1. Does segment 8-23 hold any residues that are in a loop (DSSP other than H, G, I, E, B) and either polar (S, T, N, Q) or in contact (Cβ under 8 Å) with a residue 40 or more places away in the chain (or both), and which are they?
2. Residues in segment 75-105 that are over 17 Å from residue 32 (Cα atoms) and either open to solvent by less than 60 Å² (accessible area, probe 1.4 Å) or assigned to a strand (DSSP E or B) (or both): how many?
3. List, please: which pairs have Cβ atoms under 7 Å, are six or more places apart or on different chains, and start with a residue in segment 63-92 that is hydrophobic (A, V, I, L, M, F, W, C) and end with one that is part of a loop (DSSP other than H, G, I, E, B) and open to solvent by 50 Å² or more (accessible area, probe 1.4 Å)?
4. Could you check, for segment 34-57, whether at least one of its residues is within 24 Å of residue 105 (Cα to Cα) and aromatic (Phe, Trp, Tyr)?
5. Looking at 32, 42, 71, 53, which is the one that is assigned to a helix (DSSP H, G or I) and touching a Gly at 6+ places or on another chain (Cβ under 9 Å)?
6. With respect to residue 77, is the statement that it is touching a Pro at 6+ places or on another chain (Cβ under 9 Å), more than 29 Å from residue 7 (Cα to Cα) and of a type outside the set (Val, Ile, Thr) true?
7. Cβ-Cβ below 8 Å, separation at least six or inter-chain, first residue in segment 99-110 and within 16 Å of residue 25 (Cβ to Cβ), second open to solvent by less than 60 Å² (accessible area, probe 1.4 Å) and not in a helix (DSSP H, G or I): which pairs?
8. Residue 65 - would you say it is closer than 22 Å to residue 25 by Cβ and either touching a helix residue (DSSP H, G or I) at 6+ places or on another chain (Cβ under 6 Å) or of a type outside the set (Lys, Arg) (or both)?
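The values are calculated or read from the model by the stated rules, or taken from the named source; none is laboratory data. Please read these numbers as outputs of a predicted model, since none were measured by experiment. Here Cβ is always computed from backbone atoms with ideal geometry, including for glycine, and neighbour counts include all displayed protein chains. Just the protein is used for accessible areas: all its heavy atoms, side chains included, with ligands, DNA and RNA removed. Shrake-Rupley method; radii C 1.70, N 1.55, O 1.52, S 1.80 Å.
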Amino acid sequence: MDVKGAGVPLMVGTDLMLPGIFPGYSVHEEMALWQEAGIPAADVLRSATLVPARFMGLDKRLGTIAEGKTASMVLVKANPLDDIRNADKIEGVFLRGRYFNRHDLDQLLEEAKRLARN
């Protein structure tokens, strides 16, 4: 997505150097803010997927789902095009061809919490 046709791409992202910013969670918060600002959900999703892949020169293998691309995608309970907040209702993740169900993801989060406490 670009700013009113001006050719300036907007990209969803996280600045990890700021205290209180948590990867993943803050991206969903940012996407919700964009929607509240009037940006259509489809454009928000592109700005979180395809735009960063293009920016990094990786759009030949990342950013969209197509034959021959790296198999990474998120499965959600409800359609994020109806409400971008649905993107955080994650049920499963395919990451580089490996599937993680909701139980697997919860275990990974618990492990991350444990490691952060130590």
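1. Applying the first criterion (in a loop (DSSP other than H, G, I, E, B)) to segment 8-23 yields 8, 10-23.
Matches in segment 8-23: 10, 11, 12, 14.
2. Total satisfying the criteria: 13.
3. 71/96; 71/97; 73/65; 76/89; 78/89
4. Within segment 34-57, none of the residues are within 24 Å of residue 105 (Cα to Cα) and aromatic (Phe, Trp, Tyr).
5. Result of the check over 32, 42, 71, 53: 53.
6. Judged against the criteria, residue 77 is not a match.
7. These pairs meet every condition: 105/90; 105/92; 105/93; 108/100.
8. No: the conditions fail for residue 65.
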